[in-house]
4 protein chains.
Amino acid sequence: MPISPDQAQEIADARSQQNTTMRATVPGMEAHLYTAHEVLDHGFIRVIDYMGDDSAICQAARVSYGKGTKSVQNDEGLIRYLMRHWHSTPFEMCEIKLHVKLPVFVARQWIRHRTANVNEYSARYSILDREFYIPAPEHINAQSVVNNQGRGKILEGEEAARVLEILKADSTRAYDNYEAMISDDGQDGLARELARMNLPANIYTQWYWKVDLHNLFHFLRLRADSHAQYEIRVYADAICNIVADWVPAAYSAFEDYRLGGAQLSGKAVDCVRRMLKGEEVTQETSGMSKGEWREFQGVVEA
Amino acid sequence: MPISPDQAQEIADARSQQNTTMRATVPGMEAHLYTAHEVLDHGFIRVIDYMGDDSAICQAARVSYGKGTKSVQNDEGLIRYLMRHWHSTPFEMCEIKLHVKLPVFVARQWIRHRTANVNEYSARYSILDREFYIPAPEHINAQSVVNNQGRGKILEGEEAARVLEILKADSTRAYDNYEAMISDDGQDGLARELARMNLPANIYTQWYWKVDLHNLFHFLRLRADSHAQYEIRVYADAICNIVADWVPAAYSAFEDYRLGGAQLSGKAVDCVRRMLKGEEVTQETSGMSKGEWREFQGVVEA
Amino acid sequence: MPISPDQAQEIADARSQQNTTMRATVPGMEAHLYTAHEVLDHGFIRVIDYMGDDSAICQAARVSYGKGTKSVQNDEGLIRYLMRHWHSTPFEMCEIKLHVKLPVFVARQWIRHRTANVNEYSARYSILDREFYIPAPEHINAQSVVNNQGRGKILEGEEAARVLEILKADSTRAYDNYEAMISDDGQDGLARELARMNLPANIYTQWYWKVDLHNLFHFLRLRADSHAQYEIRVYADAICNIVADWVPAAYSAFEDYRLGGAQLSGKAVDCVRRMLKGEEVTQETSGMSKGEWREFQGVVEA
Amino acid sequence: MPISPDQAQEIADARSQQNTTMRATVPGMEAHLYTAHEVLDHGFIRVIDYMGDDSAICQAARVSYGKGTKSVQNDEGLIRYLMRHWHSTPFEMCEIKLHVKLPVFVARQWIRHRTANVNEYSARYSILDREFYIPAPEHINAQSVVNNQGRGKILEGEEAARVLEILKADSTRAYDNYEAMISDDGQDGLARELARMNLPANIYTQWYWKVDLHNLFHFLRLRADSHAQYEIRVYADAICNIVADWVPAAYSAFEDYRLGGAQLSGKAVDCVRRMLKGEEVTQETSGMSKGEWREFQGVVEA
C-alpha cells in the first residue's frame, strides 16, 4: 500500500513548517526531512529529526564554549584523527531519528543493534496493513554453495516463477485469514495479539528508530557490507546517502577508514611486510587458514 | 517436535558432569541446570549457566574481600534495603544464561529488552524445524473491549474451531512451501535467508539469552504482569520459579517490592492521606482521570 | 574562574544565530540555548542542543506520518498514560545535549548513569583551570547520625571555619604544586596525565553530556531526590527547570508519577487496605521492618 | 596498606571451598580465583567469579543442546572465524567478575567503558584508607613533545625527586586533613561525602567490576595498547594474563586479530597494493596526511 493521500498531506504539512532556531542546522538534511525515500517494494526511510553536524563532533571533542574553530579544514582533520584512533564518543554527540517501513524479517536483523531507541507499530493494538515484500525476479537467488549463510546465483525460469507464486499466494491467504479471524462481523473477533501470529515474515512493519552517529556507523559498517543480506543492505545504502548529506566530513572519514578499509590480523601484517621485502608468500607459509588466506588475497590484490 | 533422543543424550551428558569449583554454587540451581522446562506446546527454558547467589549481591554491595558476613539474616535485610531504595548495581552482579525455545512473535517482544546478550538460531544459515505454536482452546480469546492492547473473553464453539483450523492449515502450508522452495532436489533451491520470509510468526525459534539479575527483574516485572500477553507471561512465570530457587532472598524482595507492590502517583498519595483522615474521595475530587481512578481503586480496595 | 570574555563572546555568537528549520522547535528551549545557568560556586549547565518536544513523544508512540493529532489535550492524556504504564520507549525519542561544569566528586556520581554520551575535558591533553568547589557555610554538615550515607546538622562556629580553611588551603597548595610540576620553565615539565593525580576531588571539570528523556528522567528521579547529595541535587534541580520548559506535559507527568509519587511494597499495599477498613496497624502488625515502617509512615501521613 | 591479615584470611577461606557443580569450569581460572594479583604500588586484581569457557562461545554460536562438538580443533576454528568476521554476540556469552583496587584517576578512565557492571566502595558511607599511588622513579615522565596526550622521556635527577616529594607530601597532608575533618573527637565531624572532596586523584579506591568477554576485549584493545596511559595499561596487561588462562582459544584469536593486527584505511589498502606492484609510494603520492603516513609506515615496516 503506497503512502495514502492523508499521509502524503501530513508529510506535506510537516515539510511546510518554517521554524526559527539557534541550533545547528544542515541544509542538506533539511532537504531530506520527512520525505519518504523508497526502499524495496513497499518500504521507505524518512528522516524525522536530527541533532548536530560535523562541527558538533569537534565541539564535543574539544568541550568548547562555542564553535571552537572557524576553519572547516581543521574540523575535517580532527574528525579523521578521531575516526582513525577509535575515539568514538564525539561521534555519539550527533543523533538521527528515522521512520522506517520494512519487512519483519529485516526488522528482526535490524533490532539486534541494541544501542538505539525503537518504537514499533503495535500489532497487539493495531491492525497491520496488507503489504508484503515480494522480491524482484533479479533478487531471487539460490542458496550459496561457498557461504552457508548467503545466497548464490540468481534463480531462473520455472523455479523462480514458482517461488514468486508461492510467496504471493501464501501472503494473500495468510492475510485473508488474518482479516477473517479478527473480523467482528457476525462473530466476536480474535484478539489482534493472537491473530498476528498467522502473518509471515515478509509482511511490512514500521518503526521510529533513533540512534547516535557512532552506533549508526557501526550498523552501516555491518549492514552496508557485501556480506549483509540484500534486503537490509538496501536500507543501509539509503541511510548512507542521507548521512553523507548530513555530516559530510564524518561520512568521508567513515568511508575511508571503515567501509573501504581492511582489518589485518597480526599474521596478515607479517605477510605484507614479508611480501614488501620481496618474499613469495603462499597460504602454506602464511600461517593462515585457507579461508583467511582467501580473504587476505582479496585485500592485497586489486 | 519434542527434544530428540540425540538432544536428550546431550542434556544427560551435560548433567552427568561433576566439576569441582571454588565459585559460589547454589544447589537449587544445580537441580535446574540443562533440564528443559516445558512452556507452551513446543517451547522450553533451560538454565545453561549462572553466576553468583544472594551472598554475591551483598559482597558486591560491600565491596568485600570474602563472604563479608556470616549471617544469612543480615544478608536478607541488606537485600531488602537495596531493593527498596533502587540500588540496582549489586543485583547486576548475578548473571544467568538460558536456552529458550519460543514462538517468533514472543521473541519479537522479548528482544525489546536490550540490556541482555542473545545468540539466536540463524535461519540464514540453518533450516528451521516444523514447529508452530497452536494455542490451546482455553487461550483463544476475543479482542478486549476495554483494553485496546489485550484480549478479552474466551472464544467458544465454531469461531474457536475455525481459528484453530486456520492456524494449523496455514502453518502446514507455509512450511510445506518453505521446504519445497529450499529443496535442491531437481532444482537449485532457494536461499534460506529468502525462503524463511514465508514462515508465519507462530513458528518456533531458539536462542541463548544471558542477562544480569537486575535487568532480569525488570523483564519479569513487565512480562510476569497480568497485562503482558499470555504467551510471554508463561515464560516469565517459568523463569520466576527458577529465580526463586537461585536467589531466594532477592526474589522474595522482588516479589514484595515490585511484583506485589504498587506505584502511587503524587495525586494518589494525596488521596490515600485524605481517605485515611476520613474524607470520602471520589474520582471527581481525586484529580485523577477515569482510567487512573479505576487503577487506583484496584490498589486500595482488596 | 568565571566565564571569560572570549567564552562569553562565543556564547553570544552562538545565540545570535537565526537558522531556519522544519524540525520541531520549542520556544522555551530556544530561550535556554547556550546560556550558562550557574550551579554551585563555579559550575554551570548549558543546553547545547535538543531533539523533539511533547508532540514527538506521541508521534513515536503512534508511529505516525505527521503530527498524528491536532489536540494538545489528547497528547497530554497519552503522555500520562505512557508514563503511568512504564512505556519508556516513546520518551527515548527526545534527546538533550548539555555542557556541564561540575566538581570531580560530583562527576564521579553522575557518570554512574551509563546510558548517556559523554565527552569530558581531558586532563591528559589539557591543563585544568584553578577552580575548586568550596561549600557555602550553610552546606557544611556533620555526618548524619541516622543515615550512614548522608549528612546531618549544619556545622557551626569554629569547626565550620576550620573545614573551610582546610579545603581552601589544600586546594591552593595542590594547584600550586600541579602548576610547578607541569611547568617547563627551567625544567622538562611533568606529563599532564601524571600531574593531575595531585588534584583533589573538588576541582572542577567539564563535559558534554547527551541523554534521552527517559534516561534523563531516571537520572532526575534519583538525583533530584532528597536522599541525593546536595552537590549533585542542585544540578538535577537546574535540569528539572529546563526540562519543564522543554516538554511541559512529559515533565508534569514525571512530577506526578515519579518525583511526587511513592512505591508501595506488597506489604504496604496490604497495610493501606487494612487501615482504610478501619484497622489500627502498627509496625509490629505490619510485617515491615522498623526502617520500612518509618518510610511507610512518611508516605501515608501528610 | 597491604591486604590485612583479616582480609588474607577471608581470601584463604574462600579459596578453601570445594563446591561441586555441573557448570563449565576452567582449571586455569580456578587457580586465579580470589587471589590478589598485585598491580602498581597498592593495587590489585582479583577474579571473583567467571561464567563460561571457550566451548561456551561455540555452544552459543551454534545454539546447541550440549557441548555441540567434541573436537577442540573445530572450536578453535569457529572462534577464529567469529572473531575475524566481527560476530561479537557469542563472546558476550562469557562473563567475568573482578575485584579491583586502583587509583581514582585510573578509575575515571576505566569507568568510561559503559557496558559493564560496577559497585564501587562508597566514600559517602565509608572512610577511605590512607593509600596513594606514588609512581616508581622509572615511571615519572615529562610531557610528550610529539603527542599532546602522552608522556615522553623519563624525568631524572632533581626534577624527579621534587615531583616525588610533592606527591608524597600533598597526599599525606590531604589525608591528615581528611581524618581531622571527619573526626568526631571533640567535634561533630564533617560528613564523609563532603570530606572526601579534599582527597587527590592518586588515592586508591576499589570496585567490583563485571563484564562480558566481548566488551572486555574491547577494553583490553584500547587499554593494553601502547597509547594507553601506563597506569591503566598495567591493569589491562594483568587482565590479559588471566584471560589467556580462562579462554585460551578466544584470547589467541583476539591477540592475532585485534591486539597484533592493524586497521588499514581505504587509502592505505590502495598504497599496499601499489607497493606490492613495485611502485615507490611516498607520503605525497599516498593521499594520506603526515600523521597517517607515519602510522602506516609503522604497520608495513617491520
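The values are calculated or read from the model by the stated rules, or taken from the named source; none is laboratory data. Computed from a predicted model, the values in this text were never measured in an experiment. For neighbour counting, all protein chains shown are included, and Cβ atoms are generated from backbone atoms with ideal geometry for every residue, glycine included.
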Tell me, yes or no, whether the stretch D:25-40 has at least one residue that is under 24 Å from B:LYS210 (Cβ atoms) and over 22 Å from the mean Cα position of the chain (by Cα).
yes
Among (1) touching a strand residue (DSSP E or B) at 6+ places or on another chain (Cβ under 6 Å); (2) touching a residue at least 40 places away in the same chain (Cβ under 8 Å), the one test that B:ALA249 misses:
(1)
What are the residue pairs meeting all of these: first residue in the stretch A:81-95, first residue assigned by TED's automatic domain parsing to the domain that holds A:ASN215, second residue in a helix (DSSP H, G or I) and not aliphatic (A, V, I, L, M), Cβ atoms under 6 Å, and 6 or more apart or on different chains?
A:LEU82/A:PRO90; A:MET83/A:TYR257; A:ARG84/A:TYR257; A:SER88/A:HIS214; A:PHE91/A:HIS214; A:GLU92/A:HIS214
Residues of the stretch B:68-114 satisfying the condition of being part of a loop (DSSP other than H, G, I, E, B) and within 14 Å of chain D (Cβ to nearest Cβ):
B:GLY68, B:THR69, B:LYS70, B:HIS85, B:HIS87, B:SER88, B:CYS94, B:ILE111, B:ARG114
Within the stretch D:175-259, which helices (runs of 4 or more DSSP H) (wholly inside it) include 1 or more residues that are assigned by TED's automatic domain parsing to the domain that holds D:ALA56?
D:213-223, D:230-246, D:248-254
Identify all residues within the stretch C:115-145 that are of a type in the set (Asp, Glu) and more than 28 Å from D:SER144 (Cβ to Cβ); write none if there are none.
C:GLU138
Of the residues that make up the stretch B:126-140, is at least one hydroxyl-bearing (Ser, Thr, Tyr), facing another protein chain (nearest Cβ under 9 Å), within 20 Å of B:GLN206 (Cβ to Cβ) and not in a loop (DSSP other than H, G, I, E, B)?
no
Boolean, B:GLU120 is acidic (Asp, Glu), more than 22 Å from D:HIS87 (Cβ to Cβ) and either in the same structural domain as B:VAL47 (by TED's automatic domain parsing) or surrounded by fewer than 19 Cβ atoms within 10 Å (Cβ to Cβ) (or both):
no
Given the structure, is B:TYR65 hydroxyl-bearing (Ser, Thr, Tyr), more than 30 Å from B:ILE203 (Cα to Cα), within 14 Å of chain D (Cβ to nearest Cβ) and buried (at least 18 other Cβ atoms within 10 Å of the Cβ)?
yes
Does the stretch A:280-301 contain any residue that is closer than 29 Å to A:ALA224 by Cβ, within 31 Å of the chain's Cα centre (by Cα), not in a helix (DSSP H, G or I) and not β-branched (Val, Ile, Thr)?
yes
When residues of the stretch C:26-56 are filtered for being β-branched (Val, Ile, Thr) and touching a Phe, Trp or Tyr at 6+ places or on another chain (Cβ under 6 Å), how many remain?
2
Hey, among D:ASP185, D:ASP176, which residue is modelled with pLDDT under 95, under 25 Å from C:GLU159 (Cβ atoms) and over 27 Å from the mean Cα position of the chain (by Cα)?
D:ASP185
State which residue pairs qualify: first residue more than 10 Å from chain B (Cβ to nearest Cβ) and inside the stretch D:18-44, second residue in a loop (DSSP other than H, G, I, E, B) and loosely packed, with under 14 Cβ neighbours inside 10 Å in any location, beta carbons under 8 Å apart, and separation of 6 or more residues or different chains.
D:ASP41/D:ALA136; D:HIS42/D:MET1; D:HIS42/D:PRO2
Keeping to the stretch D:270-302, report how many residues are within 18 Å of A:ALA302 (Cα to Cα) and either among the charged types (D, E, K, R) or buried (at least 17 other Cβ atoms within 10 Å of the Cβ) (or both).
12
Hey, D:ALA195 in contact (Cβ under 8 Å) with a residue 24 or more places away in the chain and under 21 Å from C:ASN141 (Cβ atoms) or not
no
Identity of the residue in the stretch C:183-209, of a type in the set (A, V, I, L, M, F, W, C), in contact with a strand residue (DSSP E or B) (Cβ under 8 Å, 6 or more places away or on another chain) and more than 7 Å from chain D (Cβ to nearest Cβ), that ends up surrounded by the fewest Cβ atoms within 10 Å (Cβ to Cβ):
C:TRP207
Restricting attention to the stretch C:148-161, and to residues there that are surrounded by 13 or more Cβ atoms within 10 Å (Cβ to Cβ) and within 8 Å of chain D (Cβ to nearest Cβ), which single residue is nearest to B:LEU78 (Cα to Cα)?
C:GLN149
Filtering the stretch B:122-173 down to residues that are aromatic (Phe, Trp, Tyr) and at pLDDT 95 or above yields B:PHE132, B:TYR133
